[in-house]
Amino acid sequence: MRAKPSRAPMILWQGLLGAAFLLFWQAGASLGILDKFFFSRPGDIAARVWQLFAAGTVWSHLAVTLLEAALSFGIGVASGILAGFVLARNHFLAALFDPYIRVANALPRVVLAPIFLLWFGLGIWSKVALGVTVVFFIVFFNTFQGVREVDPVIVNNARMLGATERQLIRHVLIPSALTWIFSSLHISIGFAIIAVVVGEYLGASRGIGYLIAQAEGVFDTTGVFAGMAILAAVVLLVGWGVDRLERALLRWKPRAAASREVA
Amino acid sequence: MSNVTHQFAGYTAVEDVSLSVSQGRFVSVVGPSGCGKSTVLSIAAGLLAPTSGSVDVLGNRLEGINRRAAYMFQQDALLPWKTVLANITLGLEFRGMAVEAARGPALEWVRRAGLEGFENHYPHQLSGGMRKRVAMAQTWIVDPDIVLMDEPFGALDVHTRLRMESEILGLWSGSGKTVLFVTHDLEEAVALSDEVVVLSAGPASRVVGSYAVDLPRPRNLIDIRTDPEFNRIYTAIWRHLRTEVLKSYAS
């Protein structure tokens, strides 16, 4: 897979770019060009991340955030795929719901956070609800599209070979929609985490978002950046996992995910 | 098939087409591009319901999918997410056979189609000719009474095409199956068929001629094209088809 000759040097260049960026940041902040109060320093941030993990305080927050993200991802994906399939197969329902789905999707999700806080309280469920509203629409639209765009020749072939409606769904529609669903999973896993963190930020007693809000409250820029760094690492790690899963499930595709390979 | 008319949103593809194919015969339908050849085939398959008229299959009125028929498509119709073996097994699986039980016959068809060693390949890893072989095995494994073919070899190069035609004839001869074969290539039609039906230029095409091809069987497809009798039949049909082709140019 990594036969491309330019690959190894590119990793080097990418690493150099990152290192240069951090170096300038560090130097700028140390020399007083950047205000340490507002920008902190990469070294301090790294030390803080280390300290958070070493002291163990971050684990419970991370666990809460991941639990919320996993729940909103799971519920959002399941309901999105289900709704996408039903509406894609039923033209009447699709037409009926179309304007309402558009309206619901047009709503910025952040404004829902306060209402969810009122409805579901400060615990994890208000965050999960927020995450679900984000994940659901991404997965729903992709599934809908995926099922609608199945090659009609393949559908006809399966029907001529004697497929019942259920066999058609299992052997043709689901595999065909999987490509679309997977591309939505990549996006929605990131958005699920962002949504729950926003929810925590706006009102919670635990979670990474809460940590960031706390740090911000006392003008602790290093703490804010440390929270961001941890979040970014987690999103990358989870995305890598989805990639692996996708490559296993979409083995039949020519050049599957080759362009998005993670080292 | 009697008095079949089909319209797509105001466009009349075929009008008042009547076509009768006796059991066990190999019948080709030829006509200029866009004359509704594929429409006729889709109606015979039950994939399209005719706007008016009806189709009778082996004495029964056709409603919904034609269960006695298999269909070889012009385009790639294999399931790209299934291996060669899984694609071939599909028809048996859909008919309720357990996958393990269907494996034996499927492997037999892998052998007959000359695909040994490629059982676990995915369609995109095969050449166009090999994909057609898989499609052939996929449609013939269910042992249909009727085989409908829609320019199945149109996209292949001349040599691969000749081989596939020979293999189809080999499969068909002595099988008692009825074949309805759609093509724009009159040579192919004459070489393979017992009967060639000519459709008029579209829109609203109809059957304008039917020619018996009484060349002896088994036929050698490599040499048949230089046979004087082949040429006599070909020329006769071409005179007729030519006027339809010219009409389709004019419109």
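The values are calculated or read from the model by the stated rules, or taken from the named source; none is laboratory data. Here the structure is a predicted model, which is why all the values come from computation and not from measurement. Virtual Cβ from ideal backbone geometry, glycine too; neighbours counted across all protein chains shown. SASA here: full protein model, heavy atoms, side chains in, ligands and nucleic acids out. Shrake-Rupley method; radii C 1.70, N 1.55, O 1.52, S 1.80 Å.
Computed quantities for the displayed model
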{"item": "A:SER40 vs. criteria at pLDDT 90 or above and among the hydroxyl-bearing types (Ser, Thr, Tyr)", "result": "no"}
{"item": "Residue check for B:ASP185: within 14 Å of another protein chain (Cβ to nearest Cβ), under 14 Å from the mean Cα position of the chain (by Cα) and of a type in the set (Asp, Glu)", "result": "no"}
{"item": "Search result, residues across segment A:134-148 that are open to solvent by less than 30 Å² (accessible area, probe 1.4 Å), modelled with pLDDT of 90 or more and either under 18 Å from A:VAL197 (Cβ atoms) or more than 21 Å from the chain's Cα centre (by Cα) (or both)", "result": "A:VAL134, A:VAL135"}
{"item": "Check on A:GLY32, open to solvent by less than 40 Å² (accessible area, probe 1.4 Å) and without any contact (Cβ under 8 Å) to a residue 40 or more places away in the chain", "result": "no"}
{"item": "Of all residues making up segment B:94-104, the number that are assigned to a helix (DSSP H, G or I) and more than 10 Å from chain A (Cβ to nearest Cβ)", "result": "6"}
{"item": "Some residue of segment A:69-92 being open to solvent by 50 Å² or more (accessible area, probe 1.4 Å), under 26 Å from A:GLY217 (Cβ atoms), touching a helix residue (DSSP H, G or I) at 6+ places or on another chain (Cβ under 7 Å) and part of a helix (DSSP H, G or I)", "result": "no"}
{"item": "Matching option when the condition is surrounded by fewer than 21 Cβ atoms within 10 Å (Cβ to Cβ), modelled with pLDDT under 90 and more than 9 Å from chain B (Cβ to nearest Cβ), among A:SER205, A:SER184, A:SER188", "result": "A:SER205"}
{"item": "Test for A:ARG244: is it assigned to a helix (DSSP H, G or I), at pLDDT 90 or above and either open to solvent by 80 Å² or more (accessible area, probe 1.4 Å) or basic (Lys, Arg) (or both)", "result": "no"}
{"item": "Residues satisfying the stated conditions in segment A:151-167, i.e. buried (at least 19 other Cβ atoms within 10 Å of the Cβ) and either among the hydrophobic types (A, V, I, L, M, F, W, C) or more than 7 Å from chain B (Cβ to nearest Cβ) (or both)", "result": "A:ILE154, A:ALA158, A:MET160, A:LEU161, A:ALA163"}
{"item": "Close pairs from segment B:23-44: first touching a residue at least 60 places away in the same chain (Cβ under 8 Å), partner charged (D, E, K, R), Cβ under 6 Å, at least 6 apart", "result": "B:ARG25/B:ASP194; B:PHE26/B:ASP194; B:VAL27/B:GLU195; B:VAL29/B:LYS37; B:GLY31/B:LYS37; B:PRO32/B:GLU244; B:SER38/B:ASP150; B:LEU41/B:ASP150"}
{"item": "Count of residues meeting criterion [out of contact with any Leu (no Cβ under 7 Å at 6 or more places or on another chain) and within 21 Å of A:ILE45 (Cβ to Cβ)] in segment A:199-217", "result": "12"}
{"item": "Criterion (surrounded by fewer than 16 Cβ atoms within 10 Å (Cβ to Cβ) and aliphatic (A, V, I, L, M)) met by exactly one of A:ALA95, A:ALA129, A:ALA113", "result": "A:ALA95"}
{"item": "Number of positions in segment B:63-79 that are closer than 19 Å to B:ASP143 by Cβ and free of Cβ contacts under 8 Å to residues at least 24 places away in the same chain", "result": "2"}
{"item": "Whichever residue in segment A:116-126 is of a type in the set (A, V, I, L, M) and assigned to a helix (DSSP H, G or I) and, among such residues, is most open to solvent (accessible area, probe 1.4 Å)", "result": "A:LEU118"}
{"item": "Test: residue in segment A:128-140 that is part of a helix (DSSP H, G or I), within 14 Å of chain B (Cβ to nearest Cβ), in contact (Cβ under 8 Å) with a residue 40 or more places away in the chain and within 16 Å of A:LEU82 (Cα to Cα)", "result": "no"}
{"item": "Among (1) in a loop (DSSP other than H, G, I, E, B); (2) under 30 Å from B:GLU244 (Cβ atoms), the one test that B:SER28 misses", "result": "(1)"}
{"item": "Failed item, numbered, when B:LEU107 is tested on (1) within 14 Å of another protein chain (Cβ to nearest Cβ); (2) more than 28 Å from B:SER193 (Cβ to Cβ)", "result": "(1)"}
{"item": "Flag for B:VAL29 being under 14 Å from the mean Cα position of the chain (by Cα) and away from chain A (no Cβ under 14 Å)", "result": "yes"}
{"item": "Those residues of segment B:44-65 which are open to solvent by less than 40 Å² (accessible area, probe 1.4 Å), within 11 Å of another protein chain (Cβ to nearest Cβ) and farther than 21 Å from B:THR183 by Cα, in sequence order", "result": "B:ILE65"}
{"item": "Residue list for segment B:34-86, restricted to those being touching a strand residue (DSSP E or B) at 6+ places or on another chain (Cβ under 8 Å) and assigned to a strand (DSSP E or B)", "result": "B:SER52, B:GLY53, B:SER54, B:ASP56, B:VAL57, B:ARG61, B:ALA69, B:ALA70, B:TYR71, B:MET72"}
{"item": "When residues of segment B:195-245 are limited to those that are of a type in the set (Asp, Glu) and touching a residue at least 60 places away in the same chain (Cβ under 8 Å), the one least open to solvent (accessible area, probe 1.4 Å)", "result": "B:GLU244"}
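One line per residue, one yes/no per condition, for (1) more than 19 Å from B:ASN66 (Cβ to Cβ); (2) within 13 Å of chain A (Cβ to nearest Cβ); (3) among the aromatic types (Phe, Trp, Tyr):
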position	(1), (2), (3)
B:LEU92	no, yes, no
B:PHE118	yes, no, yes
B:LEU126	yes, yes, no
B:TRP140	no, yes, yes
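Conditions tested, residue by residue: (1) closer than 24 Å to B:HIS240 by Cα; (2) within 14 Å of another protein chain (Cβ to nearest Cβ); (3) in contact with a Ser or Thr (Cβ under 9 Å, 6 or more places away or on another chain).
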| position | (1), (2), (3) |
| --- | --- |
| B:ARG131 | no, yes, no |
| B:ILE146 | no, yes, yes |
| B:ASP150 | yes, yes, yes |
| B:ALA155 | no, yes, no |
| B:THR160 | no, no, yes |
| B:ARG163 | no, no, no |
| B:LEU171 | no, no, no |
| B:PHE181 | yes, no, yes |
